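Trainee: Before I ask anything, here is the structure I am working with.
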Amino acid sequence: QAALRKPKTKRAKRFLEKREPKLKENTKNAMLIKGGNANLTVTEVAYLGLFSFFLFVFFPPLRKNITRPFEDQTSLEFFSKKSDCSLFLFGSHNKKRPNNLIIGRMFDYHVLDMIELGIEKFVSLKDVKNSKCPEGTKPMLIFAGDMFDVNEEYRRLKSLLIDFFRGPSVPNIRLAGLECVLHFTAVDGKIYMRSYKVLLKKSGCKIPRIELEEMGPSLDLVMRRTHLASDDLYKLSLKQPKALKPKKKKNISHDVFGTTYGRIHMQKQDLSKLQTRKMKGLKKRPAEKSAEDGGVSPKKSKSAS
């Protein structure tokens with residue numbers, strides 16, 4: 001009955017329309033939840049460092065929550081539905097799992113994927129004395145390491161990080177706007193995250209010379225527990241409506257460079273009947289014409305005058 005109840009005010013109507021299913025989804029919001037025993041390192045990473053610097057829209061910090069996402073997910077799903085957030089970051093600290101971060105995402109307000117990461121080393125923005133990018137800059141993401149393509153857990157982690165830092169979709173972007181790089185490297189069971197500022201230097205030609213300058217923050221992470229959705233549920237979450245799928249055009253193909261090729265279907269032509277330019281040198285003699293007709297034309301008798 002609550003789902004069928006009609007809104008009584010215009011504000012409530014706008015609120016429900018905003019949450020209705022759409023062909024193009026809204027920009028994903030993330031809620032940052034501070035656990036009941038989070039220490040200073042976890043707080044700096046979540047609220048003052050990496051995620052607060054690059055997240056475009058995030059849920060305001062909540063009070064300390066004594067919750068365990070891997071054991072009970074009802075509180076996360078409640079906050080997700082209340083704040084309309086499909087991404088979450090939960091920070092905690094204890095003796096068994098020190099400096100703990102849990103990142104995850106929702107599907108239909110239920111936990112889809114959840115990965116636990118341990119912080120082994122953290123360098124904040126203040127520790128690196130270099131120029132910074134403006135807050136909310138859309139970063140370029142680079143993933144290095146075979147584990148991101150071979151291992152299923154690392155593959156989901158890559159997808160999660162892309163969801164966190166991709167930001168709003170834009171049709172165009174200028175070259176000067178590409179000023180931030182987030183680099184993730186997976187090697188020897190660890191994930192190294194580094195952030196760089198792109199410097200455009202003079203090169204003597206139209207294309208500038210690119211240099212990278214580390215600006216912080218940086219993280220050394222190790223993967224702990226994971227909670228991954230089943231293949232069927234994950235496939236369902238990736239399903240797109242038919243209206244968004246591009247219509248396939250017949251006889252048109254594209255190569256890897258984006259060049260468009262078209263195929264034209266024509267009837268078979270008889271080249272012997274093709275009309276060409278008439279020239280005296282190509283004109284057939286009477287004997288050739290009679291040979292093609294299969295007979296010999298009789299000679300005309302001259303009439304006596």
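Trainee: List the strands (runs of 3 or more DSSP E) inside segment 213-280, counting only whole elements, that have at least 1 residues being without any contact (Cβ under 8 Å) to a residue 12 or more places away in the chain and within 25 Å of V111 (Cα to Cα). Walk me through it before giving the result.
Mentor: On the way: elements: 218-227, 252-254, 260-262.
Here the list is empty.
Trainee: While we're looking at this one, here's another question. For segment 86-113, name all the residues that are in contact (Cβ under 8 Å) with a residue 12 or more places away in the chain and part of a loop (DSSP other than H, G, I, E, B).
Mentor: Within segment 86-113, the first condition is being in contact (Cβ under 8 Å) with a residue 12 or more places away in the chain, and the residues that meet it are 86-94, 97-107, 109-113.
Those that are in contact (Cβ under 8 Å) with a residue 12 or more places away in the chain and part of a loop (DSSP other than H, G, I, E, B): S86, H93, N94, R97, P98, N99, Y109.
Trainee: Provide a single number: the residues in segment 252-290 that are open to solvent by less than 80 Å² (accessible area, probe 1.4 Å), polar (S, T, N, Q) and within 28 Å of the chain's Cα centre (by Cα).
Mentor: Residues meeting the conditions: 2.
Trainee: Just the residues that are open to solvent by less than 40 Å² (accessible area, probe 1.4 Å) and either at pLDDT below 65 or out of contact with any strand residue (DSSP E or B) (no Cβ under 6 Å at 6 or more places or on another chain) (or both), please, taken from segment 63-75.
Mentor: Taking segment 63-75 and keeping what is open to solvent by less than 40 Å² (accessible area, probe 1.4 Å), we get 65, 67, 69, 75.
Listed by number, the residues that qualify are N65, T67, S75.
Okay, residues lined up against (1) surrounded by 12 or more Cβ atoms within 10 Å (Cβ to Cβ); (2) among the hydroxyl-bearing types (S, T, Y):
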position	(1), (2)
Y109	yes, yes
G118	yes, no
K121	yes, no
L125	yes, no
K129	no, no
C133	yes, no
P139	yes, no
I142	yes, no
E152	no, no
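Trainee: Just for segment 41-62: of the residues that are of a type in the set (S, T, Y) and more than 14 Å from N100 (Cβ to Cβ), which one is modelled with the lowest pLDDT?
Mentor: Just the residues of segment 41-62 that are of a type in the set (S, T, Y), to begin with: 41, 43, 47, 52.
Those still in the list that are more than 14 Å from N100 (Cβ to Cβ) too: 47, 52.
On the way: Y47: 67, S52: 58.
Per the stated criteria, the residue is S52.
Trainee: Given (1) over 30 Å from L233 (Cβ atoms); (2) surrounded by 18 or more Cβ atoms within 10 Å (Cβ to Cβ), identify the lone condition not met by I191.
Mentor: That leaves (1) as the condition not met.
Trainee: Right, here's the next one. I want to confirm something. Restricting to segment 154-173 and keeping residues that are open to solvent by 60 Å² or more (accessible area, probe 1.4 Å) and under 13 Å from the mean Cα position of the chain (by Cα), which single residue is farthest from S86 (Cα to Cα)? Walk me through how you get there before you give the answer.
Mentor: Let us first name the residues in segment 154-173 that are open to solvent by 60 Å² or more (accessible area, probe 1.4 Å), namely 155, 166, 169-173.
Within this subset, residues satisfying the condition of being under 13 Å from the mean Cα position of the chain (by Cα) are 166, 169-170.
Values: R166: 14, S169: 16, V170: 20 Å.
Step by step, filter segment 154-173, then rank; the result is V170.
Trainee: Going by the structure shown, is P168 over 27 Å from P69 (Cα atoms), touching a helix residue (DSSP H, G or I) at 6+ places or on another chain (Cβ under 6 Å) and in contact (Cβ under 8 Å) with a residue 60 or more places away in the chain?
Mentor: On the way: over 27 Å from P69 (Cα atoms): yes; touching a helix residue (DSSP H, G or I) at 6+ places or on another chain (Cβ under 6 Å): no; in contact (Cβ under 8 Å) with a residue 60 or more places away in the chain: yes.
It is false that P168 is over 27 Å from P69 (Cα atoms), touching a helix residue (DSSP H, G or I) at 6+ places or on another chain (Cβ under 6 Å) and in contact (Cβ under 8 Å) with a residue 60 or more places away in the chain.
Trainee: So which residues in segment 18-40 are assigned to a helix (DSSP H, G or I) and at pLDDT 80 or above, if there are any at all?
Mentor: Across segment 18-40, the qualifying residue is only L40.
The values are calculated or read from the model by the stated rules, or taken from the named source; none is laboratory data. Given the structure is predicted, the values throughout are model-derived calculations rather than measurements. Counting neighbours? That spans all protein chains shown, and the Cβs are built from the backbone with ideal geometry, glycine included. The area values use the complete protein model at the heavy-atom level, side chains included, leaving out ligands, DNA and RNA. Shrake-Rupley method; radii C 1.70, N 1.55, O 1.52, S 1.80 Å.
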